[in-house]
There are 2 protein chains.
Amino acid sequence: MSGAVPAIVLEDPADPRLAPYAAMRERDLVGRAGRFVVEGEVALRLMLSPAARFRIESVLLAPERLPGLAEALAGLGAPVYVAGKPVMSAVTGFPIHRGVLAIGLRGEEPDASPLVPPSPRSALVLGLAGLTNHDNVGGLFRNAAAFGADAVLLDAESCDPLYRKAIRVSAGAALTVPFARLASGSDWVAVAAGLNLEPLALSPAGTEEVSTLVPPRRTLLLVGSEGPGLPEHLLARMRGLRIAMAPGFDSLNVATAAAIALHRVAGRDRLAGP
Amino acid sequence: MSGAVPAIVLEDPADPRLAPYAAMRERDLVGRAGRFVVEGEVALRLMLSPAARFRIESVLLAPERLPGLAEALAGLGAPVYVAGKPVMSAVTGFPIHRGVLAIGLRGEEPDASPLVPPSPRSALVLGLAGLTNHDNVGGLFRNAAAFGADAVLLDAESCDPLYRKAIRVSAGAALTVPFARLASGSDWVAVAAGLNLEPLALSPAGTEEVSTLVPPRRTLLLVGSEGPGLPEHLLARMRGLRIAMAPGFDSLNVATAAAIALHRVAGRDRLAGP
């Protein structure tokens, strides 16, 4: 039958094939040794699309979710397990409502260089410095995707974009936007120079307002965490970009601020007309 | 002693003076008959500042929080209760970590008209149509404050900006940005006309791109919920504003999209230069 998926029904929460799904919240904290969890139909369909950067190791569905996903899963070279929601919940350790899970494989962590289009082509890269909040990292990936950024670079302190909550808040963009992690202690100015990018620091202390910026052809837009922001020693060494706000207002959410800057920097060639 | 606050120590979770703090999560759902809960030091300090639009009925602090807040609370014409965190947690029904709560009074719900500067002065009003997600409403208030909007108008379907989570996500802006609720069935086009505002609908279906918009002097920027967006019958009757995005990308978070539009529409006179 066309579109049929050879699903494997599992009834024992202790089945070793379900081990990667076990104790999901606890594992969020300690990491998964090369694996990550995909939740929900939107994220699973992204993982099955050509846009996804990662391979699927296995899929775990509640029985009632199989028919709707069978066509999308046809041809997947990985096992599709089916288990009732009580079994799924017993495995993961909390109530599973949507009944759609999968395990992704992180693969080799890429270097930054192959992710960035070579000069003289235009390039737009978002740099995250010390972003330790999963909501913010997820929001930043969503906005990077919205404005066609080529890649996201994260310093060693920033948190994992493939953490469950970050994927969810990113609306799946963490699965599609290329990203690379810099070595601990990397200098952003040197990283930008090595990639032929002009670094712009988004900061309330910046001197150029975003709406009058003439976007560089090859940009590294660097953002820091909401509290401390980017460190002084970086701000002193690159152009600073600020967003004009109402007098007395403290600051925007970092993902929101990045969206305003990305919308400006991306320019017309990168965005859909008119 | 200067700065001393006559705090009232309470030890019985059943004390009737603590009734407005009881069963906090359950009450979130059913409403509080003219009251709302203020959580945390940032929100309490905003409530004590001249920027706040609402009066405090009472404050409830863990004993260790009193010294740091005593000066700010001096002169408050409302009781300050002190109770240990175990008592606070027993009253509210969940663990209280920060030890700072207060009850605010909603007061009379204002009409829209007195909140909007009269013509010919410039005006910027954000309209929320069918925004039922507290995170989004909180984010929209934060962004309205960031770009100096004069007021926020909500239709009958949009959720309460004074819900605990919305206040938190707004970074307190729900306590300071004037808002009014429209009567059920109000027509946004008529509302805009009555206030002498030019309505702009923010929508992927809009025909004008935000970065080339010449902002009207008096604007009502209307946003809808992320899923369905603004209804067709409204889009057909007002100028539509779109944000150019990468081809194939679905949509931005509604609060993020509104921030990009507000930054453009607010214009230089409303924002801190240069």
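Coordinate-derived values only; no laboratory data. Keep in mind that what you see is a predicted model, and the values were worked out from it rather than measured. Positions of Cβ are generated from backbone atoms using ideal geometry, with glycine treated the same way; all protein chains shown enter the neighbour counts.
General observations
- Bridge type composition, chain B - antiparallel percent by DSSP, nearest 5: 30 percent
- Averaged over A:134-140, number of beta-carbon atoms from partner chains that fall within 10 Å: 1
- Residue order, fewest to most beta carbons within 10 Å, for B:270, B:35: B:35, B:270
- Evaluated at q = 0.18 Å⁻¹, the base-10 log of the normalised Debye intensity for region A:1-68, with identical point scatterers placed on the Cα atoms, takes the values -0.87.
- For residue B:6, inter-copy label distances in nm, listed shortest first [label point 7 Å out on the Cα-Cβ vector]: 8.2
- Label-point separation in nm, residue A:205 to residue A:74, each point 7 Å along Cα→Cβ: 5.9 nm
- Ranking B:72, B:83, B:50 by how far each Cα lies toward the positive end of the dipole of region B:7-105 (charges on Cβ) leaves B:50 at the top.
- Over chain A, Cα pairs under 8 Å with separation of 6+ residues give a relative contact order of 19 percent.
- Taking N as its residue count, the alpha carbon Rg of region A:80-216 over 2.2 N^0.38 Å: 1.26
- Peptide B:235-243 - average C-beta neighbours from other chains (10 Å radius): 1
- Ranked A:17, B:142, criterion: other C-beta atoms within 10 Å, fewest first: A:17, B:142
- Extension gain from residue A:85 to residue A:11, taking 0.36 nm per residue of separation minus the Cα-Cα distance: 25.6 nm
- Per residue, the average separation of C-alpha pairs within less than 8 Å and at least 6 apart gives region A:7-105 a relative contact order of 46 percent.
- When only alpha carbons are used to place a centre, region B:169-186 and region A:118-167 end up 32 Å from one another.
- Centre separation in Å (Cα based) which lies between region A:36-88 and region A:9-23: 15 Å
- Over the Cα atoms of region B:23-113, the radius of gyration divided by the Kirkwood radius equals 0.98; this is the Rg/Rh ratio.
- Computed [θ] at 222 nm, deg cm²/dmol, chain A (DSSP H ≥ 4; -39,500 (n - 2.57); rounded to nearest 500): -8000 deg cm²/dmol
- Annotation: for a label point projected 7 angstrom from Cα along Cα→Cβ of residue A:132, residues of region A:148-162 with backbone N closer than 12 Å are A:157-159.
- The distance from the alpha carbon centre of region A:227-274 to that of region B:202-264 is 20 Å, rounded to a whole number.
- Against the empirical curve 2.2 N^0.38 Å, the C-alpha radius of gyration of region B:74-119 lands at a ratio of 1.86.
- Dipole size of region A:96-239 about its Cα centre, with +1 on Lys/Arg Cβ and -1 on Asp/Glu Cβ: approximately 480 debye, rounded to the nearest 20.
- Taken about its Cα centre, chain B carries a charge dipole of about 480 debye when Lys and Arg each add +1 at the Cβ and Asp and Glu each add -1 at the Cβ.
- Distances between copies of residue B:74, taken at a point 7 Å out from Cα along the Cα→Cβ vector and listed shortest first: 7.7 nm.
- Across the identical copies, the label point of residue A:233 (7 Å from Cα in the Cβ direction) is separated from its matches by 6.2 nm, in order from shortest.
- Cα-based Rg of chain B normalised by 2.2 N^0.38 Å, two decimals: 1.11
- Taking only the alpha carbons of the protein assembly as shown, we obtain Rg and Dmax values of 25.3, 85 Å in that order.
- For the listed peptides B:145-154, A:106-115, A:92-101, a ranking on the average number of other beta carbons within 10 Å per residue, highest first, reads B:145-154, A:92-101, A:106-115.
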